[in-house]
Amino acid sequence: MILFTLKRLLSGVVLLVAVSVATFFLAHTAISDPTAALLGTSASPEQQAALAQKIGIDRPLLVQFWDWFSHLLMGDFGVSWRNFQPVGAQLAIKVPVTLSVVTAATIITAVVGTAFGLIAGLRPGGWFDRITKAISVVLFALPGFWVSLVLVIWFAIDLKWFPAVGYVPPTQSVVGWLGSITLPSVALALGGIVAVAEQLRNAVLASKRQDYVRTLRSRGLSGPRVTVHILRNSSPAALTVLALMFVGLLSGAIVVEAIFSLPGIGQLTQASSQNGDIPMLLGITVVSIVFVVIVNLLLDLVLGWINPKVRVS
C-alpha cells in the first residue's frame, strides 16, 4: 500500500509540474500585452514600457519562466500585477470561501446521490426509481444559474431562511457561515446528485446479478448486510464520478459566486482575466491543480482499500 501511495503521489507531482509549465506559456501567449489590459487602451507607450519593466515582462520569456518557477518551488506565487500584493496572501483569503462551498456541495452530492442511487438500484422500476429518473431529466435540462436564482427567490427573499448574498467566515459565526454557504452549495450539488445517483444505480443493478449476492443470501445473511456488500462493490463507479464532480465544481463555482456575491476564487479569476493579471491566474491554476491531485490521490487510496486488485494493477 505504501508503494501504491508513493506511485500515485509521484504521478500527481508530475501532473502539477506539467500543468503549471503549460499554463505559464499558454497564459503569456493568450495575453500578449498585459500592460494594455492593466493600464487601459488610453495609456501612452511610455507608460506601458515603464509598467512592462516594473513587472518584468520586458525580459525573455524563458527568463520570466525560470524566475516564476524557481520562486514557485519555494512556495512563492509572486506578486499580483493588478495591486502589487503577494498572490499567496490573496489566495489565502479567497480559497477558503470557494473550498467551503465546493466541499459542502460534494458532501451533499455524496449523501443524497448515494441514497437515491442505492434505493433506486435495489428496487428498479418502482415508484422511487421512476421519480428519480424524472427528477434527473428535469435537473439536467435546467441551467445552473437559473436554479441558483430560483433558490435565492424562494429561500432567501420569500422565506428568508438564508441570506441572499454575502459570506460569513466561520471564525466570525459558525451558524452564519453555514447559512451563507447552504444555498450556493445546494445549487452546485444538484447536477452532481443526478450523476452520482445514476452511476450508483447502474452499479447496484450489476452487482445484484453477481454470484456472490446469491451466495450471501443462501447463507442466511440479512438484507441490510447483503446491501452493505452490494454498496461496497458498487461504490467505485460513484466515487469516480464524485471525484470528477469535485473538479468540475471548482470551475462551476465562478457562476455561483457571482450570483451569491461570494468573495472566492471565482470572482478573483474573472477579475484577473479581465485585467491580464497573469501571476494571479497562475497562482489560481496551481492551487486548483493541487486540489485535483489531492482528490485523485484520496480516490485512488479509497479504491485501493475497497478493491485490492486496483493496488496490484
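Rule-based calculations on the coordinates, nothing more; no lab input. Fair warning: this is a prediction, and the values are worked out from it, not measured in the lab. As a convention, Cβ positions derive from the backbone with ideal geometry for all residues, glycine included, and neighbour counts pool all protein chains shown.
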* Dipole magnitude of the chain, debye to nearest 20 (Cβ charges: Lys/Arg +1, Asp/Glu -1, about Cα centre) -> 1820 debye
* Could you give the distance between the Cα centres of the range 20-60 and the range 178-200, to the whole Å? -> 39 Å
* **Alpha-carbon centroids, the range 138-172 and the range 275-296: separation in whole Å** => 27 Å
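So, R0 is 25 Å and r is the distance between the beta-carbons of Gln47 and Ala258; what FRET efficiency does that work out to, to 0.05? If you can, show how the numbers build up before the last one.
Details: r = 31 Å, r/R0 = 1.25.
For Gln47 and Ala258, the calculated efficiency is 0.20.
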* Structure fact -> Along the range 99-116, Karplus-curve 3J(HN,Hα) (6.51, -1.76, 1.60; θ = phi - 60°) to the nearest Hz, with x for Gly and Pro, reads 5, 5, 5, 5, 5, 4, 5, 5, 5, 4, 4, 5, 5, 5, x, 5, 4, 5
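Between Thr240 and Ala22, what is 0.36 nm times their sequence separation minus the Cα-Cα distance? Round to one decimal in nm. Present the calculation step by step, with values, prior to reporting the outcome.
Values: separation 218, 0.36 × 218 = 78.48 nm, distance 2.57 nm.
Gain in length upon complete extension: 75.9 nm.
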* Asked: Once label points are set 7 Å from the Cα along Cα→Cβ at both Val168 and Ser70, what is their separation, rounded to one decimal in nm?
  -> 4.8 nm
* **Cα-projected label distance for Ser32 with Arg232, points at 7 Å along beta-carbon direction, nm** => 6.0 nm
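When the chain is fully extended, how far beyond the present Cα-Cα distance does Leu10 get from Arg217, taking 0.36 nm per residue of separation? Before the final figure, lay out each step's value.
Working: separation 207, 0.36 × 207 = 74.52 nm, distance 4.27 nm.
Between Leu10 and Arg217, full extension yields an extra 70.2 nm.
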* Name the aspartates and glutamates eligible as straight-distance cross-link partners of Lys208: C-alpha to C-alpha under 17 Å, and not fewer than 8 places from it in the same chain. => Asp129, Glu198
* Can you list the aspartates and glutamates whose alpha carbon is less than 19 Å from that of Lys7, not counting same-chain residues fewer than 8 positions off? -> Asp300
* Asked: If packing is taken as the mean number of other Cβ atoms within 10 Å per residue, what is the order of 76-86, 113-123, highest first?
  -> 113-123, 76-86
* Kindly state, to the nearest 0.05, the FRET efficiency for Arg209 paired with Val150, given R0 = 35 Å and r defined as their beta-carbon distance. => 0.30
* Can you pull the one-decimal nm distance between simple spin-label points at Leu61 and Gln270, each 7 Å off the Cα toward Cβ? => 3.0 nm
* **Three-way shape label, the range 13-154, alpha-carbon gyration tensor, a/c 1.5** => prolate
* Tell me which label goes with the value of Rg/Rh (Cα atoms, Kirkwood Rh) computed from the coordinates here: (1) 0.96; (2) 1.06; (3) 1.10. => (2)
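Give me the net charge of Gln90's neighbourhood, meaning all other residues with Cβ under 14 Å from the Cβ of Gln90; Lys, Arg count +1, Asp, Glu -1. Before the final figure, lay out the partial values.
Values: positive: Arg82, Lys94; negative: Asp76, Asp277.
Local charge sum for Gln90: 0.
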* In degrees, nearest 10, range 0 to 90: what is the angle between the Cα axis of helix 265-275 and the longest Cα principal axis of the chain? -> 30 degrees
* Starting from the Cα-Cα distance between Val175 and Leu297, subtract it from 0.36 nm times their residue separation and give me the gain in nm to one decimal. => 40.7 nm
* To do: List every residue whose amide H lies under 5 Å from the amide H of Val79, counting only residues 5 or more places away in sequence or on a different chain, with H placed 1.01 Å from N in the peptide plane.
  => Val87
